[in-house]
Amino acid sequence: MREMPTRTRQAAHGLRKVLLIGSGPIVIGQAAEFDYSGTQACRTLREAGLEVVLVNSNPATIMTDPEVADRVYLEPLVPEVVADIIARERPQGLLGTMGGQTGLNLTAALAEMGVLERFGVRVLGTPLEAVARAEDRALFKATMEALGEPLPPSVTVDSVDQALEAARRLGLPVVVRPAFTLGGSGGGIAATLDDVREIASRGIALSRIGQVLIEKSVAGWKEIEYEVIRDAADNAIVVCNMENVDPMGVHTGDSVVVAPSQTLSDYEYHLLRTAALRIVRGLGIEGACNVQFALDPTGARPAQDAAHAASGGAGYYVIEVNPRVSRSSALASKATGYPIARVAAQIALGRRLDEITNAITGGTACFEPALDYVVVKIPRWPFDKFPGADRTLGTQMKSTGEAMALGRTFEEALMKGIRSLDLGAIGLWHRMVEGWGHEDLWARIRRPHEHRLFALAEALRRGATVAELTAATRIDPFFVRGIARLVAAEAEIRSRGADVDAATLAAWLRLGFDDRALAHFSGRTARDVRAARRALGLTPRYKCVDTCAGEFPARTPYYYSTYEDEDEVPPAGTRAAVILGSGPIRIGQGIEFDYSTVHGIQALKQAGWDAIVVNNNPETLSTDFDISDRLYMEPLSPDDVRAVVEREGAQGVLVQFGGQTPLNAAIPLAQAGIRILGTSPEALDISEDRRKFAALLHELNIPQPAGWTAETLDEVVAIAAREGLPLLIRPSYVLGGRGMVIARTMDEVRAAARQALATESGPVLLDRYLEGLEVEMDAVADGTNLLIPALMEQIERAGVHSGDSLALLPARSVHADVARVIVDYAARISWALQVRGFLNIQFVVYRGRPYVLEVNLRASRTVPFVSKATGVPLVRLATEVMLGRSLAEFGHQGVTLLPAPARWAVKAPVFSSGKLFGADPLLGPEMRSTGEVMGTGLTPAAALRRAFVAAGVPVDLARSLLLSVADRDKHDAADLAATAHASGFALIATPGTAAAIAARGVPVQIVDVEEATRLVCGRDVGAVVNTPTQGYQAGRTGFTIRRIAFEFNVPTFTSLDSARALIEAFADEPHRDPVPLLR
Amino acid sequence: MRALLALEDGLVLAGESIGAVGSTGGEVVFTTSLTGYQEVLSDPSYRGQIVVMAYPLIGNYGFNDAWLESHRPQAAGLVVRWAAPAAGGDGADREAGGPDAARASAGLDAYLRASGVVGISGIDTRRLVRHLRTAGTRRGVITTDDESPGDLVARARALPDLGEIDLVAQVSTADVVRWLAPGPRVAVLDCGAKQGIVQCLRARGCDVVLFPHDTPAAAIRAIEPEGLVVTNGPGDPARLGALAAEVRGLWEEMPVMGICLGHQVLALAAGGRTFKLPFGHRGSNHPVRDETTGRVAITTQNHGYAVDEASLAGTGFEVTHYNLHDGTVEGMRHRRLPVFSVQYHPEGRPGPQDSAHLFDRFLDMVRDHA
Ligand SMILES: Nc1ncnc2c1ncn2[C@@H]1O[C@H](COP(=O)(O)OP(=O)(O)O)[C@@H](O)[C@H]1O
Ligand SMILES: Nc1ncnc2c1ncn2[C@@H]1O[C@H](COP(=O)(O)OP(=O)(O)O)[C@@H](O)[C@H]1O
Ligand SMILES: [Mg+2]
Ligand SMILES: [Mg+2]
């Protein structure tokens, strides 16, 4: 059943140019999955001979590469700007369903503004009316009732009293859902009337239209999702159904999810499948969509009639429909091998499902994939970054990323999934469980919690029964029994040790225990276990993901490991290298690293190598089966990677793209005799090891902030007394600056030291805190030559994590001779370490002198930003160098810092703290942003303005600025206020700050904290400037204002530097010329 | 206990015994259905066949008589990667309050044993599926006896070809069964009917009368049916010449609907031919296009033979449905008479309900005919 070009031409009639909208910065609930689907869509549209114009403000995406679309606009995703782009480009079609909620909302806004009509732009794919029917609660309700599909009883209210009344009527618990917010922001399950009062008032305030829905709670029912595709000819298929292990009440994004459903009878599976198709037809979806159901765990019964069904008598409820590709559709695509976004894009062009080819089998795309393996998805949460945040899970999504694993049993997939999370757990065991008392343990079980999986296992270890856990969690016994089997196996391994007969060992391996886990539980070394295993001929076999359970020959090399008979991997090419991805997205290791991984893959292929990818993040492009030559959906632990390398007989491994995770695997892999391509493992080790690195810099006589280590509180205090303040204090083991605190007073020193000593065994690290200008570079070196595309400067002074600060490229305040010194330091470091590949260095320029803060011998977070701002293909060059070529071959002889590019570029961080209840959005040495946007302009101010707008700062800041700063900052704040006033900002301030401002003769309105918060809630202020009195401490006035501001999405600046930039940006007149990225 | 699976072509796989102790033999086929293991086991069309479940986990959600497609499991044997073990009365099902609480705890092994089915688990079923896909359907045996692989393969080779056995006689009803109802009287010629077919008719108010496969046309006429359904069933349709002749005599008189084997019988009755597919169609995800509407339906399939399109030329029948995977005939209708048939299962069970409307179409014909 091949495509029929003739029909296609008719379908895409009059279409030559299409505008595709991306999803913007990564925030919780809207992540890399939209780069994946958007890029797939771009490729599909271009294959259909169309010209594609793309707009997205997120530079860390593949879709914003000049090669992906014909014209790329790295511009703010706000209606005004997109309207300008439409006016400039005049596309005939617009595809908004690939850009998440952002894409849908923008499309709707453009239609409302009449822009689409004015310029004759057709909305491709699911029509706007259908989107509205799915998104607008009232319309949705009406549509479902017309179809006889049961919704949980609910009442829409716009006051707290009405909410309480409704709750009484429906009976507690109830779910409170604010209308029109992303990812369930501000919603929650209310068990008591007090909860109702609290959540409803927050929700009403958060909702764009001051409305919340009070809905009967079915927490504890099974939560089931169906991924459906429908074409304009009304053919509809279900690509995949997925079952949430955590029942209703935990957001699907925060649930452990399995595919296909494991505990549904055929009757239940098809009851919901039929309903899903009816719903999708009723709504009029044309493309991909996601239907969520709640299923009564006591079993579904046939509905006698619509009324009976509507009463819930059918045994299920419809929860929601997402009329677009989503995180779930990305997961479903990777779980089945069925490329949903590609197919949806073709449907948008008017093709019928039976005219589209299944890229994997070469057969028709109009069928339903059959799986012969189990998929497990496990979320990863950012709580380690937000000490104050509430770690329990609910109806509002909190995770930043997820790992996916495939296995031939639930247990195997679960164990591989946990390994992929990279949490330092050993199977279902983690050292933290040892610290849990009975209450801690059961608290994590009774209320859904970040660590519930580990708690369940620990409870079983401590003698709890499956029945008890089922009762406490409403998790289906099937899953609890799987966990129980794993815990039982642990005990067996403990008692029998690891050298057992082949059958026993095979049984354990099939449960998903790897060498490390077997070693841990049997008290032997992983090396012994491995030797014993191989002696018995037990090595992993790799099976293919083929969409059809082996029924047809598959074309696509997409593999997962298991311990069975047959291995399906054909012999590899002669020159093959393994490239490691970055696993689940987490703060500090985000989509930027997938950008580098994908470019690494492409460079590898261009260089004539087979690119073999190992990664486990289902959201990303690097796990799209047709990006690499071979894809292994596997954990990134050294053992798992080693197995792949050995199976493929690959020449070596590339570890510089995926961030810290692959880097950590480098040393063990090297010790296992596997070749690391590029910079040597020894050099990597030096750059990662504080002592060795300090020694190196000393030897090269390159300055670095003075540092000390202390074992006890007294030592810390002694050092602080001797060396003076301020100091930067952190525990010895640091990932992404975790646990770093700036201590300015002795009290803060003690507090920080206590915390550091508590978090990690091992010493406390102290650094002289140099409050200077932070400068960063991303360069490529080959041991001789060094190419530095540009220097970036952080707008905020050092002390704000480079990942969280505004970055300006090129650096404007770095004096020429300081720059010369910086380049010289970089060159000497690259020679000393014989760097072959990426070189990222962070400096702090203090009193005119650069100091090295840290060196990362890997692609950094800013590689995509720098590549796009300067047009230098950093990743391609780095990859070529890793493969042994010299920079000179690409015309980069010697040590070069390229001249400044034509336009200024600004990278602005975007935070999701609003979603993490109780988290302090304070800027500090601890990275907390989840995403970033880029703005460019002919002046720094213009670039800043673009970036601010893209980051969600309202275009017209005609409203006022609310200031409330720490005493230490009052003087500077007054200066700032003066400039702000001069630039036409109205000023409001809390008493202390106001006094300082008034003293400067600047008019300011004085308000107390209550008044201030009221203004914020009412969105009566354009932005908040608030600097903390001391390190984070909940409950303090500063914290309260910040917190409220974040929850109500009012731009908040916790550093005067950023605030200064804001005023600079909005001082002069806006320019309104969207500019395409140069190709 | 250890068990072995041996195919006639020499492939021998070792696993764990599940279900009854002993040996079984039959044609080894695979299904890709993700759910509905109990419906599959009890589908009479699997008579004489050892079923390989491509989906690895079987027994997860328990067992329930409501999911039986006939009074007992029919498959000659079952091959799985993982069999849900007995919960050992951990009581969790009761806590969860599932309807199949007690049964879920029993586990696949116990269920098969209770119904006398010999099975094997711990098999690399994907390998087996890929083998059957390329080698084609094979005869095979499962046994718990410890016999040499060589002897087992010999036993597999010694098995009769399914075409030589009168399987329909084994599964068809012994005597006439009637479900009185006020609706139209529909005769169902039982070649091994799934409960689902009868229930789809009863759910539409039909007065259903189930006849043994060897009922002469006259006996069927005698109850003055308003329509006739020829059902699914096991084995080679070519054996059913006599049955086909009887049907031919009836379709001039009343609307006729053929399902699966029934569809093939109609083709034979019309003078068409059937042929054996390399490894059959078995699963819940087969796309079928209705050429009269251009619409595609996802269908449940379970057949090893298909109707030869060319052979329908000049029979008065025209092809209405094709399989999007291999282009084989999935449905036909008579140009003049209210007679149509589909190769797939509109009743689903297991599988989609997308085609349930075919029963309505049949009943419309019945009403128009009256
Ligand atoms: N009536 C309800 N009772 C219990 N939990 C619910 C109910 N409705 C939704 N939820 C939970 O809240 C989560 C988010 O709700 P959903 O409608 O999917 O919003 P979102 O747009 O954030 O996905 C769901 O995944 C589900 O776990
Ligand atoms: N000695 C120091 N003086 C001033 N700021 C520092 C110092 N050390 C670190 N920082 C700040 O802390 C941030 C994170 O520190 P860094 O060592 O880069 O950790 P990470 O590994 O998370 O990048 C830096 O971006 C910088 O702003
Ligand atoms: Mg949802
Ligand atoms: Mg850093």
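The values are calculated or read from the model by the stated rules, or taken from the named source; none is laboratory data. It should be emphasised that the depicted structure is a prediction, and the values quoted were computed from it without experimental measurement. All Cβ positions, glycine included, derive from the backbone under ideal geometry; neighbour counts span all protein chains shown.
Collect the residues in the stretch A:391-425 that are buried (at least 24 other Cβ atoms within 10 Å of the Cβ), of a type in the set (Val, Ile, Thr) and farther than 30 Å from A:ALA191 by Cα, keeping them in residue-number order.
Result: A:ILE418, single match.
Can you tell me which residue within the stretch A:210-244, out of those that are more than 16 Å from ligand 3 (Cβ to nearest atom) and within 29 Å of A:GLY171 (Cα to Cα), is surrounded by the fewest Cβ atoms within 10 Å (Cβ to Cβ)?
A:GLY210
Take A:ARG177 and decide whether it is within 18 Å of A:LEU393 (Cα to Cα) and more than 16 Å from ligand 4 (Cβ to nearest atom).
Yes.
Which pairs have Cβ atoms under 6 Å, sit 6 or more apart or on different chains, and link a residue in the stretch A:213-231 that is free of Cβ contacts under 8 Å to residues at least 24 places away in the same chain to one that is within 16 Å of ligand 2 (Cβ to nearest atom) and among the basic types (Lys, Arg)?
Pairs found: none.
I need the helices (runs of 4 or more DSSP H) fully contained in the stretch A:1-120, keeping only those with at least 3 residues that are of a type outside the set (Phe, Trp, Tyr) and within 30 Å of the chain's Cα centre (by Cα).
A:33-47, A:79-89, A:100-112
Out of A:GLY848, A:GLY884, A:GLY799, A:GLY871, which single residue is within 12 Å of ligand 2 (Cβ to nearest atom) and surrounded by fewer than 24 Cβ atoms within 10 Å (Cβ to Cβ)?
From the options A:GLY848, A:GLY884, A:GLY799, A:GLY871, the qualifying one is A:GLY799.
Would you mind finding the one in A:ALA303, A:ALA288 that is touching a helix residue (DSSP H, G or I) at 6+ places or on another chain (Cβ under 7 Å), surrounded by fewer than 23 Cβ atoms within 10 Å (Cβ to Cβ) and either farther than 30 Å from A:ARG380 by Cα or modelled with pLDDT of 95 or more (or both)?
The match here is A:ALA303.
What are the residues in the stretch A:335-388 that are of a type outside the set (D, E, K, R), assigned to a loop (DSSP other than H, G, I, E, B) and away from chain B (no Cβ under 12 Å), if any?
A:GLY337, A:PRO339, A:LEU349, A:GLY350, A:ALA359, A:ILE360, A:TRP381, A:PRO382, A:PHE386, A:PRO387, A:GLY388
Let's see how each residue does on (1) among the basic types (Lys, Arg); (2) away from ligand 1 (no atom under 12 Å from the Cβ); (3) within 14 Å of chain B (Cβ to nearest Cβ); (4) at negative phi:
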{"position": "A:THR143", "(1), (2), (3), (4)": "no, yes, no, yes"}
{"position": "A:VAL176", "(1), (2), (3), (4)": "no, no, no, yes"}
{"position": "A:ARG197", "(1), (2), (3), (4)": "yes, yes, no, yes"}
{"position": "A:ARG202", "(1), (2), (3), (4)": "yes, yes, no, yes"}
{"position": "A:ASP231", "(1), (2), (3), (4)": "no, yes, yes, yes"}
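Could you grab me the full set of residues in the stretch A:391-422 that are more than 16 Å from ligand 1 (Cβ to nearest atom) and part of a loop (DSSP other than H, G, I, E, B)?
Result: A:ARG391, A:ARG408, A:THR409, A:ASP422.
With respect to B:ALA135, is the statement that it is of a type in the set (A, V, I, L, M), more than 18 Å from B:GLY77 (Cα to Cα) and within 14 Å of chain A (Cβ to nearest Cβ) true?
Against the criterion (of a type in the set (A, V, I, L, M), more than 18 Å from B:GLY77 (Cα to Cα) and within 14 Å of chain A (Cβ to nearest Cβ)), B:ALA135 qualifies.
With respect to the numbered conditions (1) under 29 Å from A:THR470 (Cα atoms); (2) assigned to a strand (DSSP E or B); (3) within 26 Å of the chain's Cα centre (by Cα), which one is the sole condition not fulfilled by A:MET248?
Among (1) under 29 Å from A:THR470 (Cα atoms); (2) assigned to a strand (DSSP E or B); (3) within 26 Å of the chain's Cα centre (by Cα), A:MET248 violates only (2).
Can you run down the residue pairs with Cβ atoms below 9 Å, 6 or more apart or on separate chains, where the first is in the stretch A:195-211 and under 10 Å from A:VAL176 (Cβ atoms) and the partner is of a type in the set (D, E, K, R) and at pLDDT below 80?
Qualifying pairs under 9 Å: A:ARG202/A:GLU1047.
Mind checking which pairs have a first residue in the stretch B:62-90 that is within 9 Å of chain A (Cβ to nearest Cβ) and a second that is part of a loop (DSSP other than H, G, I, E, B) and among the charged types (D, E, K, R), Cβ under 7 Å, 6 or more apart or different chains?
Close Cβ pairs satisfying both conditions: B:GLY62/B:ASP100; B:ASN64/B:ASP100; B:ARG81/A:ARG408.
Determine if the stretch A:608-616 includes at least one residue that is charged (D, E, K, R), in a loop (DSSP other than H, G, I, E, B) and surrounded by fewer than 24 Cβ atoms within 10 Å (Cβ to Cβ).
no
Anything in the stretch B:280-313 that is free of Cβ contacts under 8 Å to residues at least 24 places away in the same chain and away from chain A (no Cβ under 14 Å)? List them, or say none.
Listed by number, the residues that qualify are B:GLU309, B:ALA310, B:ALA313.
Suppose we keep only residues that are in contact with a helix residue (DSSP H, G or I) (Cβ under 7 Å, 6 or more places away or on another chain), among the acidic types (Asp, Glu) and assigned to a loop (DSSP other than H, G, I, E, B) within the stretch A:474-504. Which one would you say is modelled with the highest pLDDT?
A:ASP476
Do the conditions hold for B:ASP368, that is, is it touching a strand residue (DSSP E or B) at 6+ places or on another chain (Cβ under 7 Å) and either within 14 Å of chain A (Cβ to nearest Cβ) or in contact (Cβ under 8 Å) with a residue 24 or more places away in the chain (or both)?
Answer is no for this residue.
Check whether at least one residue in the stretch A:559-577 is on the phi > 0 side of the Ramachandran plot and either more than 14 Å from chain B (Cβ to nearest Cβ) or crowded, with 17+ Cβ neighbours inside 10 Å (or both), and report yes or no.
no
Report, by residue number, each residue of the stretch A:535-554 that is at positive phi and more than 10 Å from chain B (Cβ to nearest Cβ).
Correct list: A:GLY537 only.
Just the residues that are in contact (Cβ under 8 Å) with a residue 60 or more places away in the chain, in a strand (DSSP E or B) and within 30 Å of the chain's Cα centre (by Cα), please, taken from the stretch A:505-553.
Matches in the stretch A:505-553: A:TYR542, A:LYS543.
Do you know which of the residues in the stretch B:1-54 that are aromatic (Phe, Trp, Tyr) and within 14 Å of chain A (Cβ to nearest Cβ) is farthest from B:VAL198 (Cα to Cα)?
Filtering the stretch B:1-54 for residues that are aromatic (Phe, Trp, Tyr) and within 14 Å of chain A (Cβ to nearest Cβ), the one farthest from B:VAL198 (Cα to Cα) comes out as B:PHE30.
Restricting to the stretch B:331-370, and then to whatever is of a type in the set (D, E, K, R) and within 22 Å of B:GLY36 (Cα to Cα), can you tell me which residue is farthest from the chain's Cα centre (by Cα)?
Going through the qualifying residues, I end up with B:ASP354.
For the stretch A:664-695, give me each residue that is among the aliphatic types (A, V, I, L, M) and in contact with a helix residue (DSSP H, G or I) (Cβ under 6 Å, 6 or more places away or on another chain).
A:ALA665, A:ALA666, A:ILE667, A:LEU669, A:ALA670, A:ALA672, A:ILE674, A:ILE676, A:LEU677, A:LEU684, A:ILE686
Inspect all residues belonging to the stretch A:279-294 and state whether any of them is more than 16 Å from ligand 2 (Cβ to nearest atom), within 11 Å of chain B (Cβ to nearest Cβ) and of a type in the set (Phe, Trp, Tyr).
No, because not a single residue in the stretch A:279-294 is more than 16 Å from ligand 2 (Cβ to nearest atom), within 11 Å of chain B (Cβ to nearest Cβ) and of a type in the set (Phe, Trp, Tyr).
From the set of residues in the stretch A:642-671 that are more than 26 Å from the chain's Cα centre (by Cα) and not in a helix (DSSP H, G or I), which is surrounded by the fewest Cβ atoms within 10 Å (Cβ to Cβ)?
A:GLY649
Provide a single number: the residues in the stretch A:377-394 that are more than 18 Å from the chain's Cα centre (by Cα) and closer than 21 Å to A:PHE479 by Cβ.
Residues meeting the conditions: 2.
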